[in-house]
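Derivation of every value follows stated rules applied to the coordinates shown; laboratory data play no part. Note that the coordinates shown come from a computational prediction; the quantities given were computed from them, not determined experimentally. Cβ coordinates were reconstructed from backbone atoms using ideal geometry, including for glycine residues, and neighbour counts include every protein chain displayed.
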Amino acid sequence: MSSLLKNIAKMQIMLADMEAEFGIRDIGAIEKSVLSSVADLAGHTTLVSTKDILQHPLNNVYSRPSLFRALKNLESLGKIAKGGEKRGLYTLVG
């Protein structure tokens with residue numbers, strides 16, 4: 001049990017370092033989850049739908065309004081952008 005907990009701690013430290021390097025260390029947990037889900041979904045296509053973001057397993061603990069606020073915050077931070085000609089499509093920035 002203690003070695004498992006040590007491994008979790010090491011992974012969290014490594015993740016914190018990576019988040020700092022990418023410039024997302026200080027954003028909220030929900031924004032991190034939404035950004036991670038967009039990155040995960042973007043592996044299949046460059047444009048990700050709001051519907052898919054809302055249904056992503058990383059986001060199933062958050063309310064719908066909270067997820068929309070997180071999308072707006074990430075857009076204002078320049079981490080994601082609206083994409084395509086249809087509403088509800090997002091893409092990663094940078």
Between 0 and 90 degrees, rounded to the nearest ten: what's the tilt of helix 2-22 against the longest Cα principal axis of the chain? 40
State, in angstrom, two size descriptors of the stretch 1-53 derived from its alpha carbons: Rg to one decimal place and Dmax to the nearest whole number. 14.1, 42
Between residue 12 and residue 39, how many nm apart are label points set 7 Å from Cα along the C-beta direction? 1.9
What Kirkwood Rh does the chain have if only Cα atoms enter the pairwise 1/r average? Answer in Å. 14.1
Helix 29-41 versus the longest principal axis of the chain: what is the Cα-based angle in degrees, 0 to 90, to the nearest 10? 70
Which distance in Å, rounded to a whole number, links the C-alpha centroids of the stretch 72-89 and the stretch 9-26? 24
Ranked by Cβ crowding within 10 angstrom, fewest neighbours first, how are 6, 82, 32 ordered? 6, 82, 32
To test your reading of the geometry: what angle, between 0 and 90 degrees and rounded to tens, separates the Cα axis of helix 64-76 from the longest principal axis of the chain? 90
Just from its helices, what would the mean residue ellipticity at 222 nm be for the chain, if runs of 4 or more DSSP H residues each count -39500 (n - 2.57) and the sum is divided by every residue, rounded to the nearest 500 deg cm²/dmol? -18000 deg cm²/dmol
